[in-house]
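Asker: One structure, as structure tokens, below. Some questions next.
Readers should treat all values here as calculations from the given coordinates under stated rules, not as data from a laboratory. Keep in mind it's a predicted model, so treat the numbers as computed, not measured. Cβ atoms come from the backbone with ideal geometry, glycine included; neighbour counts cover every protein chain shown.
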Amino acid sequence: MNARPAPARILGIDTSCDDTGVGVVELAPDGGVRVLANRVWSQTVHANYGGVMPELASREHVERIDAVTGDALAEAGLTVQDVDVVAATSGPGLVGALLVGLMYGKGLAQALGVPFHAAHHLEGHIYAAASEAELRPPYLALVVSGGHTHLFDVPREGEYVLVGATRDDAAGEAFDKVARLAGLGYPGGPAISEAARRGDPDAVPFKEPLKGQKGFDFSFSGLKTAALLAHRAGANPEDLAAGFERAAVNFLLGTTLRAAQAYGRNTVVVSGGVAANRALREAFAASPVRAVFPGQGLNTDNGAMIALAGAAALRAGRPPSPLSEGAVAYAPLANA
Ligand code: KG4
Ligand code: ZN
């Protein structure tokens, strides 16, 4: 009698910016995936600098990576010997920061004698949604985070066509900047969202960005300028937050729905830090497309999303990455 095929346990690592993330995912023989653990150490050393200090980020990753990995394995109820595949982000991101997780992951894979997968950070963000629903192409993927605003068409597994991108700020960056100018605190996304609940979205006028464009690009500089002018004119911060959030959400939704129609897709993955936004989730849920969002704790940078990308690579039969794979600061995902 044959033994039942065992599930594979994939350990995923992301150290692309200022979060040390390690997660564990189980890939069942039938192709189903389950997140067993997701631990993130968010660095606070950058708070006084108004931005991420690359050298400090690398050092913190070095100090934390081993403990975060231990915590993730404990949360999964596994030991390191139970790991069948190791995946780590190789780019894009801060090279020094990326190198820490990449080297740690490669070292672990080599020590355990298991395959290693280098993962693309944005592919990780997209596969974060696989925690909630089976993700089979074709679909559109809107990645909205602090550093990225990209709309991809995914016609086949592992194939990405860039449909649109931001011409200036990333969506999350705009939330952060508007929150800062309105004195709402950091991180700006959750702060805007919270303040918006008490504000009147009609009090401050925001014009639709790139109105009338034929393509599917994004731009947030106009909304940011409108927020700044309204703030200088003495607008109430809660009204400002409500108006900005509604305008940003409508713009992201409207552009994505036009693209979904143009590309004939009815499933849309929405991921990245901004995908945690409640108003954005509600707007997509009420739209005609099937919107898939990552589960709790998987919107912002984390290691489980990299493990999920590794699981997808494994399921698709992609060969493991060579241990010579290096870290890359700039790495476009679109290959068509
Ligand atoms: O994915 P992420 O952790 O980092 C990058 O890869 O860039 O995203 C962080 C971004 C921040 O700009 C933060 O303000 C935004 O995601 N964010 C939100 C919300 N939660 C986080 N934006 C809008 N609404 C939220 N609830
Ligand atoms: Zn990210």
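Asker: What's the exposure ranking of 30, 84, 301, 239, going from fewest to most Cβ atoms within 10 Å?
Answerer: Sorted ascending by nearby Cβ count, the order is 30, 84, 239, 301.
Asker: A follow-up question, please. If you wrap region 162-201's Cα atoms in a convex hull and average its projection over all directions, what's the area in nm²?
Answerer: Numbers: hull surface 14.6 nm².
Projected over every direction and averaged, the Cα hull of region 162-201 covers 3.7 nm².
Asker: Compute the label zone of residue 232 within region 166-203: residues whose backbone N is under 19 Å from the point 7 Å along Cα-to-Cβ.
Answerer: 177-184
Asker: Just the projected area, averaged over all directions, of the convex hull on the alpha carbon atoms of the chain: how many nm²?
Answerer: Details: hull surface 71.0 nm².
Average of the hull's projected areas for the chain equals 17.8 nm².
Asker: How many nm is it between the label spots at residue 34 and residue 81, if each spot is 7 Å from the Cα in line with the beta carbon?
Answerer: Result: 2.2 nm between the two label points.
Asker: Please give me the summed charge of the neighbours of residue 185: other residues whose Cβ is under 12 Å from its Cβ, Lys and Arg +1, Asp and Glu -1.
Answerer: Net local charge, residue 185 excluded: -1.
Asker: What is the gain in length, in nm to one decimal, between residue 161 and residue 180 on full extension, counting 0.36 nm per residue of separation less the C-alpha to C-alpha distance?
Answerer: This chain segment gains 3.4 nm when fully extended.
Asker: Gaussian network model of the chain, Cα springs within a sub-10 Å range: biggest mean-square fluctuation belongs to which of 225, 149, 166?
Answerer: Largest GNM mean-square fluctuation: 225.
Asker: Once the principal axes of the Cα atoms of region 184-336 are found, what is the range along each, listed largest first in whole angstroms?
Answerer: 58, 35, 27
Asker: Here is a follow-up. By how many degrees, between 0 and 90 and to the nearest 10, does the Cα long axis of helix 304-315 differ from the longest principal axis of the chain?
Answerer: Roughly 60 degrees, rounded to the nearest 10.
Asker: How large is the translational diffusion coefficient of region 1-138 in µm² per second when you combine the Kirkwood radius over alpha carbon pairs with Stokes-Einstein at 37 °C and 0.692 mPa s?
Answerer: On the way: Rh = 15.6 Å.
Translational D for this selection: 211 µm²/s.
Asker: Mind checking the full-extension length gain between residue 315 and residue 52? Use 0.36 nm per residue of separation minus the Cα-Cα distance, one decimal, nm. Working shown, then result.
Answerer: Values: separation 263, 0.36 × 263 = 94.68 nm, distance 3.53 nm.
Gain on stretching residue 315 to residue 52: 91.2 nm.
Asker: Apply the Karplus curve 6.51 cos²θ - 1.76 cosθ + 1.60, θ = phi - 60°, to the phi angles in region 132-146 and return the couplings in whole Hz, x for Gly and Pro.
Answerer: Residue by residue, region 132-146 yields 9, 8, 5, 10, 10, x, x, 7, 9, 10, 9, 9, 10, 9, x Hz.
Asker: Let me ask something else. When the Kirkwood hydrodynamic radius is evaluated over all pairs of different C-alpha atoms of region 33-82, what value in angstrom, to one decimal, is obtained?
Answerer: One over the average 1/r among Cα pairs gives 12.5 Å for region 33-82.
Asker: Measure nothing but the geometry: give the 0 to 90° angle between the long axis through the Cα atoms of 95-112 and the longest principal axis through the Cα atoms of the chain, rounded to 10°.
Answerer: Helix 95-112 sits roughly 20 degrees off the main axis of the chain.
Asker: Scan around residue 166 for amide H atoms under 5 Å from its own, H built in the peptide plane at 1.01 Å from N, and keep only partners 5 or more places away or cross-chain.
Answerer: The answer is 149, 218.
Asker: While we're on this one: Enter the angle in degrees (range 0 to 90, nearest 10) between the Cα long axis of helix 221-232 and the first principal axis of the Cα atoms of the chain, meaning the one along which they spread out most.
Answerer: Computed tilt is about 50 degrees.
Asker: Once R0 is set to 41 Å, what does the formula 1/(1 + (r/R0)^6) return for the Cβ-Cβ distance between residue 71 and residue 278, expressed as a FRET efficiency to the nearest 0.05?
Answerer: On the way: r = 28 Å, r/R0 = 0.69.
Once the sixth-power term is evaluated, E becomes 0.90.
Asker: Provide the per-residue ³J(HN,Hα) series for region 164-169, in order, calculated from phi with Karplus coefficients 6.51, -1.76, 1.60 and θ = phi - 60°, each as a whole number of Hz, with x at glycine and proline positions.
Answerer: Karplus-based 3J(HN,Hα) across region 164-169 equals x, 7, 6, 8, 9, 6 Hz.
Asker: Using the count of nearby Cβ atoms within 10 Å as a rough guide to exposure, how do 63, 134, 123, 173 rank from fewest to most? Let's see the in-between values first.
Answerer: Values: 63 13, 134 9, 123 24, 173 20.
Fewest to most other Cβ atoms nearby, the residues stand as 134, 63, 173, 123.
Asker: Among 50-59, 90-99, 35-44, how do they line up by average Cβ neighbours within 10 Å per residue, starting with the highest?
Answerer: 90-99, 35-44, 50-59
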